[in-house]
Amino acid sequence: MSTNVVSVLNDLIETSNDGEKGFLKATEDTRDASLKSLFQNRAEACSKSTRELQDIVQRLGGTPETGGSVSGALHRGWVDVKSAVSGHSDHAILAECERGEDSAKKNYREALDNDLPADVRAVVERQYQGVLENHDRIRDLRDQYAAAKS
């Protein structure tokens, strides 16, 4: 079971790394000071989640993942293209962040479908709740920026 648990956690490490990189990119792209602060805070939270998961993988005797996923790199590349085309519109940046959080939600839900030890499940569930809160906050901001545009 431990090998499967390590694999599940390494997938979440990639997800958290992708989130950190995506939020850092969003920090660079926005001109809005409050969004910069939010994105920086979210990047730091993702980094903390990554470290927590890496520690568990090591404790279980596995080798923790250190990078992001290929799909995450492609997503960040798409964010770059979208930002260039849209002139770094805050609405477009928020929409892309929400898309990234949709992916994180899916990955955490799938992780929780696995047979995880109780202590590991508790960490994954707590992090999942953070992902849900991030998603909803980003979605609500995206909607506010969309309303302001029209």
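Quick note: the coordinates plus some simple rules give every number you see, no bench work behind them. Everything quoted here is computed from the prediction, not taken from an experiment. Ideal geometry is used to build each Cβ from the backbone, glycine not excepted, and the neighbour counts take in all protein chains shown.
Below is a table of values for the structure above.
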read-out: Among the listed pairs LYS21/LYS48; LYS25/LYS48; LYS105/LYS149; LYS36/LYS149, those beyond 21 Å (Cα-Cα); value: LYS105/LYS149
read-out: Computed label-point distance, nm, for sites GLU110 and ARG126 using a 7 Å Cα→Cβ extension; value: 2.5
read-out: Ordering of 4-10, 54-60 by packing [mean C-beta count within 10 Å, highest first]; value: 4-10, 54-60
read-out: Amide H partners (placed H, <5 Å) of GLU65, local residues excluded; value: none
read-out: Potential lengthening between ASP102 and ASP32 on full extension [0.36 nm per residue; Cα-Cα distance subtracted]; value: 22.9 nm
